[in-house]
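Visitor: Here it is, the structure, as structure tokens.
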Amino acid sequence: MLVLAADTDFAQIDVEWWAWVGLFAVICALLLVDLLVFHRRAHSVGTKEATAESAAWIGIGLAFGLVVWGFYGSQASGEYYAGYLIEKSLSIDNVFVWALIFTYFAVPGKYQHRVLFWGIFGALVMRLVFIFAGVALLDNFEWLLFVFGAFLVFTGTRLLRQHEAAVHPEHNPVLRAVRKVIPSTTEYDGQKIFTRRTGALLATPLFAVLVLIETTDVIFAVDSVPAVLAVSREQFIVFSSNAFAILGLRALYFLLADIRERFTYLQQGLAVILVYVGVKMIASYWYHIPTAISLSVIALVLAVSILLSLRKARRDELSAAGTSRR
């Protein structure tokens, strides 16, 4: 049953233990089906397969919002969809970082999905910890609204001013520390994370890739978790919206990784979204911006940035074609 507390404009829902068990069971089932049925054998994921899988994951994410609506009402469902859209849009940058990491380590396409599977699994665990910690902090220290909000505004403003964030895997301190502690080999052994050489257990390059993927997700979670907390304070809503958005990232990676240059204005769009949710979080101390307005603003900014990017890419292609004819 949905109950709105008198001192808050966010949905306050009574989530029974079986709802959490059901959520975790659905997530685990989806991961197992993906791993053991559709990607049991290592293979390169083509555009057609990635498109079908992306559509399926998005459909599942949207369908769960209807489940939330059915059990907890429209307010909770609206917050779920707002959180889902924020996490999905902010995760697009993560997809492009994965592409740079895979390129740096020259990971064969047929092994990339297995690494991303374990990367997504780790991301879900870390998000669960981040979300519960974030909600607990906001419940006990209301002044952190201003800290989180200011951080999002600062991050968005910085993102607006920078052209492209450089990624240098070789400079990652976590990766260097892991390589010093864990015996490793420079040779791949199929899609294995660890392998045996002359009786010794060694980490393959895929382990280094997995470490980098997990550390970059922590960095992105520092932005995305506070952003989602700007539209909901209920752990079940925040985690489920994060989880279903993250589950579809592998398919989205194989769909978008090679066409980053076509999304020229996407970074600016994500920056505007971060600034907006930061301002919303700060303003919520005095006034709660309705969830429907937030959902509309985020969807509009994302759609405009994508449309402008595709329009510019088309103009550039026509210009290049005209130049080549001369």
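Visitor: Tell me, which helices (runs of 4 or more DSSP H) lie completely within the stretch 1-106 with 1 or more residues that are among the polar types (S, T, N, Q)?
Guide: So the answer is 47-72, 74-104.
Visitor: Just to check your reading of the model, which residue among 36, 62, 85, 32 is surrounded by 14 or more Cβ atoms within 10 Å (Cβ to Cβ) and either modelled with pLDDT under 90 or within 27 Å of residue 263 (Cα to Cα) (or both)?
Guide: 85
Visitor: Given the options 251, 208, 245, 227, name the one that is under 27 Å from residue 154 (Cβ atoms), touching a Ser or Thr at 6+ places or on another chain (Cβ under 8 Å) and small (Gly, Ala, Ser).
Guide: Of the residues listed, the single one that is under 27 Å from residue 154 (Cβ atoms), touching a Ser or Thr at 6+ places or on another chain (Cβ under 8 Å) and small (Gly, Ala, Ser) is 245.
Visitor: Looking at this structure, is residue 125 at pLDDT 80 or above and of a type in the set (A, V, I, L, M, F, W, C)?
Guide: The answer is yes for residue 125.
Visitor: Right, here's the next one. Could you check residue 16 against (1) out of contact with any Asp or Glu (no Cβ under 6 Å at 6 or more places or on another chain); (2) surrounded by 16 or more Cβ atoms within 10 Å (Cβ to Cβ) and say which number it fails?
Guide: Among (1) out of contact with any Asp or Glu (no Cβ under 6 Å at 6 or more places or on another chain); (2) surrounded by 16 or more Cβ atoms within 10 Å (Cβ to Cβ), the lone unmet condition for residue 16 is (2).
Visitor: Return the pair list, or none, for Cβ contacts closer than 8 Å from residues in the stretch 41-53 that are over 9 Å from residue 254 (Cα atoms) to residues that are outside any helix (DSSP H, G or I) and among the polar types (S, T, N, Q), at least 6 apart or on different chains.
Guide: 42/191
Visitor: Limited to the stretch 120-161, what total is found for residues that are among the aliphatic types (A, V, I, L, M) and free of Cβ contacts under 8 Å to residues at least 60 places away in the same chain?
Guide: Residues meeting the conditions: 7.
Yes or no, residue by residue, for (1) surrounded by 13 or more Cβ atoms within 10 Å (Cβ to Cβ); (2) of a type outside the set (Ser, Thr, Tyr); (3) assigned to a helix (DSSP H, G or I); (4) modelled with pLDDT of 80 or more:
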| site | (1), (2), (3), (4) |
| --- | --- |
| 287 | no, no, no, no |
| 295 | yes, yes, yes, yes |
| 299 | yes, yes, yes, yes |
| 317 | no, yes, yes, no |
| 320 | no, yes, yes, no |
| 323 | no, no, yes, no |
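Visitor: Any chance the stretch 181-196 includes a residue that's out of contact with any Asp or Glu (no Cβ under 7 Å at 6 or more places or on another chain), assigned to a loop (DSSP other than H, G, I, E, B), modelled with pLDDT of 80 or more and among the small types (Gly, Ala, Ser)?
Guide: no
Visitor: What are the residues in the stretch 243-256 that are farther than 13 Å from residue 81 by Cβ and either over 10 Å from the mean Cα position of the chain (by Cα) or in a helix (DSSP H, G or I) (or both), if any?
Guide: 243, 246, 247, 249, 250, 251, 252, 253, 254, 255, 256
Visitor: May I pose another question? Which one is farthest from residue 88 (Cα to Cα) among residues in the stretch 291-311 that are out of contact with any Gly (no Cβ under 6 Å at 6 or more places or on another chain) and free of Cβ contacts under 8 Å to residues at least 40 places away in the same chain?
Guide: Result: 311.
Visitor: Need pairs with beta-carbon distance below 6 Å; first residue farther than 20 Å from residue 73 by Cβ and within the stretch 11-28, second modelled with pLDDT of 90 or more; sequence gap 6+ or separate chains.
Guide: 27/243
Visitor: Might you let me know whether the stretch 142-157 holds any residue that is surrounded by fewer than 19 Cβ atoms within 10 Å (Cβ to Cβ), out of contact with any His (no Cβ under 7 Å at 6 or more places or on another chain) and farther than 21 Å from residue 275 by Cβ?
Guide: There is at least one residue in the stretch 142-157 that is surrounded by fewer than 19 Cβ atoms within 10 Å (Cβ to Cβ), out of contact with any His (no Cβ under 7 Å at 6 or more places or on another chain) and farther than 21 Å from residue 275 by Cβ.
Visitor: Could you list, in sequence order, all residues of the stretch 203-229 that are assigned to a strand (DSSP E or B) and at pLDDT 85 or above?
Guide: Within the stretch 203-229, none qualify.
The values are calculated or read from the model by the stated rules, or taken from the named source; none is laboratory data. Everything quoted here is computed from the prediction, not taken from an experiment. All Cβ positions, glycine included, derive from the backbone under ideal geometry; neighbour counts span all protein chains shown.
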